[in-house]
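Student: Quick one: this structure, given as structure tokens, is what I'll be asking you about.
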Number of protein chains: 2
Amino acid sequence: MRPISHPDTAQITLADVLYALGDPVRLKIVKTIAQKGEQACRSCGGEDIAKSTLSHHFKILREAGIVHTEKVGTQHLNSLRTDELEAKFPGVLAAVLAAANDIEVCDS
Amino acid sequence: MRPISHPDTAQITLADVLYALGDPVRLKIVKTIAQKGEQACRSCGGEDIAKSTLSHHFKILREAGIVHTEKVGTQHLNSLRTDELEAKFPGVLAAVLAAANDIEVCDS
DNA sequence: AGTATAGTTCCATAAAGTCGAACTATTAAA
DNA sequence: TTTAATAGTTCGACTTTATGGAACTATACT
């Protein structure tokens, strides 16, 4: 099995990060992880979304450098790369999360 | 001629704003307007981009509530809706602009 | 082994982006 | 007041990206 690849901090771009955050489903996922900590995929995104689509959303978040995915058993645990993002783009993620009031968190 | 329509503050969503900012060309445009003030369209975006595409990018920015477009003669002057965005999503635009170091500004 | 769970990959369809060409609107010049 | 020039939009074709169902892979449990 192919190991999960994540971009190096140097490869993370602002446009990619903002693009990844610019989707209601992904915003909800990110907010959920921020609030509830490391989070399994399935629980996020709501019921009315195909798991192949959800897989795609996590891929976008991963490749943008926003989440780190770790495989544990059958599940993938996702965590925010908060410190790295804060170092590279100070205040961006924090401001976005603070502004995400309307976005509901997954009930897990 | 149809007047240019802009979304009301209440209609602006975080996902739309982030999506609009999540493109290198649009990020460059926004940074340029932020630095140089009200700005005509043509000068932004570089030479290697079709004007129909540029028109599309400004439409995205306008519909997301990021820029206000005003027609003056043959040109369209664009300004950032800084105050409204700051009121609705405090710190977001400021953090993004501050983080946009790698993005070069249009030479006008 | 057999079954269940968690995700990914593949394929087909739907939605967005990109660009050239034609069109509209405004200004300036002849 | 036609004619030309400039600034942008709109249209149509093509390309790219998103979405979801079905089949597949990997791990765990019995």
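The values are calculated or read from the model by the stated rules, or taken from the named source; none is laboratory data. On a predicted model such as this, the values are computed, not experimentally measured, just so you know. Cβ sites come from the backbone with ideal geometry, for glycine too, and all protein chains shown count toward neighbours.
Student: Criterion first (under 30 Å from A:LYS88 (Cα atoms), buried (at least 18 other Cβ atoms within 10 Å of the Cβ), modelled with pLDDT of 95 or more and away from DNA strand C (no atom under 16 Å from the Cβ)) does B:ALA94 satisfy it?
Tutor: Spelling it out, it is not the case that B:ALA94 is under 30 Å from A:LYS88 (Cα atoms), buried (at least 18 other Cβ atoms within 10 Å of the Cβ), modelled with pLDDT of 95 or more and away from DNA strand C (no atom under 16 Å from the Cβ).
Student: Let me ask something else. Would you please name the residue that is surrounded by the fewest Cβ atoms within 10 Å (Cβ to Cβ), looking only at residues in the range B:1-26 that are more than 13 Å from DNA strand C (Cβ to nearest atom) and within 22 Å of B:SER52 (Cβ to Cβ)?
Tutor: B:SER5
Student: Only one residue in A:ILE66, A:ILE29 is under 12 Å from the mean Cα position of the chain (by Cα), surrounded by 20 or more Cβ atoms within 10 Å (Cβ to Cβ) and touching a residue at least 60 places away in the same chain (Cβ under 8 Å), so which one is that?
Tutor: When all the criteria are applied, what remains is A:ILE29.
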